[in-house]
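The values are calculated or read from the model by the stated rules, or taken from the named source; none is laboratory data. Every value quoted in this text rests on a predicted model; they were computed, and no experiment measured them. When we count neighbours, we look across all protein chains shown, and the Cβ atoms used for this are built from the backbone with ideal geometry, even at glycine. We work out accessible area using only protein heavy atoms, side chains counted, and drop any ligands, DNA or RNA first. Shrake-Rupley method; radii C 1.70, N 1.55, O 1.52, S 1.80 Å.
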Amino acid sequence: MWWRSPSFILDKQQSDTVPHQRKPPDTLAHPLPSPLPFSMEDTLQNPNPQNNISAYYQTRAAHHAVVTGDWLAQAQAAIGQDPDDFPDSTAATVAGKPFSVIDEFNSWRKQPELAEAVAAIRALAAVIRNCQATTMMELEIELKKASDSLKSWDTTSISLTAGCDLFMRYVTRTSALEYEDFDSAKSRLIERAEKFGEISCKARRIIAMLSQDFIFDGCTILVHGFSRVVFEVLKTAAQSKKLFRVFCTEGRPDRSGLRLSNELAKLDVPVKLLIDSAVAYTMDEVDMVFVGADGVVESGGIINMMGTFQIALVAHSMNKPVYVAAESYKFARLYPLDQKDMVPALCPIDFGVPIPSKVEVETSARDYTPPQYLTLLFTDLGVLTPSVVSDELIQLYL
């Protein structure tokens, strides 16, 4: 499954790589107003402080098969092992307290740059380390219970469910029959769990490197809302001294596009902020569209923040390529047939004025974009066409 990914190749350089200091991320130049009336602490302790509100979008508000050797070589040369990238695996466990996978997950999730799925992967790795089981069967049962607990923490988060499923499939491939005793088998499981976590952490930077050949000098890129992996793509291009400009949508309902425009301005990237309804008006000036994804489904389509579908429709009608940047742990075994054929993720919407009680408000925060409106998907497995996603899902879950 992972042996074909560039991140797997990078591990061979671990002993030859010299660690370097990373520059701490800048803080926001302008604070992002949040329409949500709850605190980050409330979100960590209670995944659903308000009825029918998705915990996944509470976290967003709080934080905000075409592979060539050249691309893999670029990724391999550009990305090295940095100890600061991977926090101490034991740091998240609070001494003196009984181990809780939810508490462990929440402690990792406090890191703004760590994706929710990666936080779950780190928490599941801690489950193996802290498990008191004496047989492989007991260990697998305990790991399965922990995975189910994390998935039920927020059933609307596609990446959380997919990350847990992939972790279980990847780690439990090890058979106890391959080792003479349980301790050896458990050590192997811990090793594989840590490996999976490292691969997931490096995914964003690998995607950024693979996408650079598609960003050319003088181009105009339209982005929708705030996606950490899309921001990494644009930041890498800016650091490579490429000349481009970005059209950034406001990103309702959480206005996450305001944050992205703020971050791009710090990098001296020319950026124009658009209201979401101005996409068609400005599309003739755009050379390409870059979006992230909450989940990549079996059809090759994506589930992403509300408005992605209509942007892809406009871009497709005007012959503009639509590129998706998504980590492989977001590949989900789902096959939605239409917009209503998925678990709704609801988010409160602030209109700025009181809304009469007789007026119904659509609070769904994401939509489904079919594969025919997408051009390429940039993943840590390589650059894929939408039609290849099904094959990759089969390989991941084999």
Worksheet item: Given the residues Gly257, Gly292, which is the only one that is open to solvent by less than 10 Å² (accessible area, probe 1.4 Å), out of contact with any helix residue (DSSP H, G or I) (no Cβ under 7 Å at 6 or more places or on another chain) and either at pLDDT below 90 or within 15 Å of Gly225 (Cα to Cα) (or both)?
Response: Gly257
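Considering only the range 319-330, how many residues are part of a loop (DSSP other than H, G, I, E, B) and closer than 30 Å to Phe196 by Cα?
2
Hey, among Ala326, Ala365, Ala312, Ala332, which residue is modelled with pLDDT under 85 and either among the basic types (Lys, Arg) or surrounded by 13 or more Cβ atoms within 10 Å (Cβ to Cβ) (or both)?
Working: Ala326 fails: modelled with pLDDT under 85; Ala312 fails: modelled with pLDDT under 85; Ala332 fails: modelled with pLDDT under 85.
When all the criteria are applied, what remains is Ala365.
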